[in-house]
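The values are calculated or read from the model by the stated rules, or taken from the named source; none is laboratory data. What you are looking at is a predicted structure, and each value in this text was computed from that prediction instead of being measured. Because the Cβ atoms are built from the backbone with ideal geometry, glycine has one as well, and the counts that use them run over all protein chains shown.
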């Protein structure tokens, strides 16, 4: 089988001008994760408690991990080859089962979620071991190490799916902890040693574009939730204002990420001496915070549309203020990779959000709609500030 895959040419052609191209099958694969993100945001909305936050966070970590590992795999494998396409279709079906199981993952659907997740992680990586064959010894060794870690974590996922209550949560926490720890150890395995980031010969353009598209998916899902919630609401001045606030907030998040961060990040990873390290830190880990901010923003927007007036309950406060804070923090850290400093606009935005949150918690000055408008204003301020700073800097450089 290794020999067959080797001759089938399942690795991307490194000499081709189309090497880093994102293919249509990869975009089709992402559609399953639109559904997964919707399930996560709805799950958090319907269980706005500490337990609900912990459970949703763990499930989000799993959803992101299976997606980003597939993105790493298609960075090396050629999705235009028939075996790879078939493998992605199989992964999509398993991903659909995983997504369907999200609302009941800590109930009756635990084993279905765990089984689908483990199948995707272990099955895809085993396929990659065979698909790389003898054509790339370093990649084959790398996938063997990854497979060892995923088999180990898979035991905890399945055990958690068979357990109940706090035992399931504990076992799954161990499983996801192992998977998130693994890259920092270089996927060390006895007798197989460890990988280095230099071994992860990634195509920077492909990795950057794939993660940018996932952020776009999350933003689009936020708009879908906003539209569907508004459709069910009575059309009043407050609900229209809530709709506008939600839309402007989403547009500001797009601006903060895509106007500067995405393009600069693409340039940075494409020209980095160690693109594997940038891909691990900037795209595999830091993008978690960015996407989490968008998901929480969708929850906050739905809460405000449903109840624009009255007292701001603590869960709503945390969502309305926490969403832009997560998004600005994630973007700031991501941009810091390619700049000598954390963006001042993002720091000021985070300080303002902390002040707004503390003030509302102490004095209860805002309605949910008013709080949403204020936090949206902070996002708009950060976006405009950064854009003006960039354009003025370019003008200075041009005059020089």
| note | Among the residues of region 158-185, the number that are within 22 Å of residue 142 (Cβ to Cβ) and touching a helix residue (DSSP H, G or I) at 6+ places or on another chain (Cβ under 8 Å) is 7
| Which residue pairs have Cβ atoms closer than 9 Å, lie 6 or more positions apart in sequence or on different chains, and pair a first residue in region 271-298 that is in the same structural domain as residue 58 (by TED's automatic domain parsing) and in contact (Cβ under 8 Å) with a residue 40 or more places away in the chain with a second residue that is surrounded by 18 or more Cβ atoms within 10 Å (Cβ to Cβ) and in a helix (DSSP H, G or I)? | none
| Test for residue 238: is it assigned to a helix (DSSP H, G or I) and modelled with pLDDT under 95 | no
| task | Could you tell me which of the residues 329, 383 is without any contact (Cβ under 8 Å) to a residue 60 or more places away in the chain, surrounded by 18 or more Cβ atoms within 10 Å (Cβ to Cβ) and not in a loop (DSSP other than H, G, I, E, B)? | result | 329
| request: Could you list all residues from region 148-165 that are surrounded by 22 or more Cβ atoms within 10 Å (Cβ to Cβ) and within 23 Å of residue 29 (Cβ to Cβ)? | output: 150, 153, 157
| remark: Expected single match for buried (at least 16 other Cβ atoms within 10 Å of the Cβ) and touching a residue at least 60 places away in the same chain (Cβ under 8 Å) among 110, 115, 133 is 133
| note | For helices (runs of 4 or more DSSP H) lying entirely in region 54-164, having 2 or more residues that are under 28 Å from residue 188 (Cβ atoms) and touching a strand residue (DSSP E or B) at 6+ places or on another chain (Cβ under 6 Å) picks out 137-162
| field | Filter pass, residue 168 being at pLDDT 95 or above, buried (at least 16 other Cβ atoms within 10 Å of the Cβ) and within 22 Å of residue 200 (Cα to Cα) | value | no
| task | Check region 236-246 and report whether any residue there is more than 18 Å from the chain's Cα centre (by Cα) and within 19 Å of residue 349 (Cβ to Cβ). | result | yes
